[in-house]
1. Amide H to amide H under 5 Å from residue 305: which residues, 5+ apart in sequence or cross-chain, H placed 1.01 Å off N in plane?
2. With just the Cα atoms defining each centre, how far is segment 131-149 from segment 49-113? Give it in Å.
3. Starting with the fewest neighbours, write out 303, 208 ranked by other beta-carbon atoms found within 10 Å of each beta-carbon.
4. Classify segment 111-152 as rounded, prolate or oblate from the Cα gyration tensor: take a ≥ b ≥ c as the square roots of its eigenvalues, call it rounded if a/c is under 1.5, otherwise prolate when a/b beats b/c and oblate if not.
5. Beyond a 32 Å Cα-Cα separation, which of these cross-linked pairs lie in this structure: 123/172; 123/203; 47/129; 176/267?
6. Report the gain in length on full extension from residue 134 to residue 243: 0.36 nm times residue separation, minus Cα-Cα distance, nm rounded to one decimal.
7. If you plug each phi of segment 157-162 into the Karplus form 6.51 cos²θ - 1.76 cosθ + 1.60 with θ = phi - 60°, what whole-Hz ³J(HN,Hα) values come out, in order, with x for Gly and Pro?
8. Which of the peptides 248-261, 90-103 is most tightly packed, and how do the rest follow, judged by the mean count of other Cβ atoms within 10 Å per residue?
Amino acid sequence: MEKNLTSRSVLHYIAVFRMLMRSEKISMKEADYMSPSELFGIGDVAKMFHISASSLRHYENIGILKPERVDPDSGYRYYSSRQFEVLNSIRYLRALDMPLSEIDDFLQNRDVNVIEKKLKEQKKVVLAKAEELRRIERKINNRLSMIEDARGSIFDEVHLIQKGSCRMIWIKASLKIGSYLDMETPIRKLDAQQAEATVFLGKIGLSISAEKLDRSDFSQYDGIFLILDDEDHYEGEIVNVPETLCVSIRFRGSHPQAPEQYKKLLKYISRHNLKISGFSREVTMIDYGITNDPDQFVTEISIPVYSN
């Protein structure tokens, strides 16, 4: 049975731990003859070190920390105070996110030079993870800004705006989009370029060529693209789009509702004597990836133009 720990007994265990802080192990024969006060049940050790009993069993299974004694009848595991130093080292190194394999290697080869090397290596890992978390934070902020921008949109009005420069991955493809499900196959084409792209990068959109727009042909799209955020890393071919004057409109809905919006844009272009200078950018700012309610969908279409 596990022993109940009092505050006095915990202080006693800590005092014993400090006096006996050394790494050598005692034999199973010695453990068999230890008095009950020298052995601590797995539950007590788990409480003292603020870890789970399952973690202690895992350490045993992989050979990092084996109990001093296992009751042959009940299978209950007991540990001695001499093992506390090893367990404390494991906890410390795990708090630094060091892999158990590296911790095991250190415990088998205890040396100042060894731990110094491992800590320096782990520091590099931690710094890399911290930078990745900062990148994720920036992307979360980008997404929040986009949602806030979309929710504050003025709908169904055409505006002449200056679109900033951006980096884009563009793939030529003839597409007909009847519903959001029709986007999945072309998205996989982007996914084939680089796995991270469609999981976490930028904004996915569709485009219609300037030639088709001049003919008022909205029957199908010519390409699919991905707009990269500044912090995105991509190893494939990237199109650098310069700052561009565009006619733009936002509307409630998604790609199936786009043709009527293209008509409004072309009417504005004709009325203001503008010329189309490139392919359209049609991006759903809020779509099924964020909400199941189609009434909350927000899509923006921009067509680059220049004065005639």
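All of the numbers you see were taken from the coordinates with simple rules; none came from a lab. Just so you know, these numbers come straight off a predicted model, no measurement behind them. Neighbour counts run over all protein chains shown; Cβ positions are idealised from the backbone, glycine included.
1. 245, 246, 247, 277
2. If you average the Cα positions of each part, the centres end up 39 Å apart.
3. The order, fewest Cβ neighbours first, is 208, 303.
4. The shape class here is prolate.
5. As for pairs spanning more than 32 Å Cα to Cα, those are 123/172; 123/203.
6. 36.5 nm
7. 10, 8, 10, 9, 10, 9
8. The densest-packed peptide leads the list: 248-261, 90-103.
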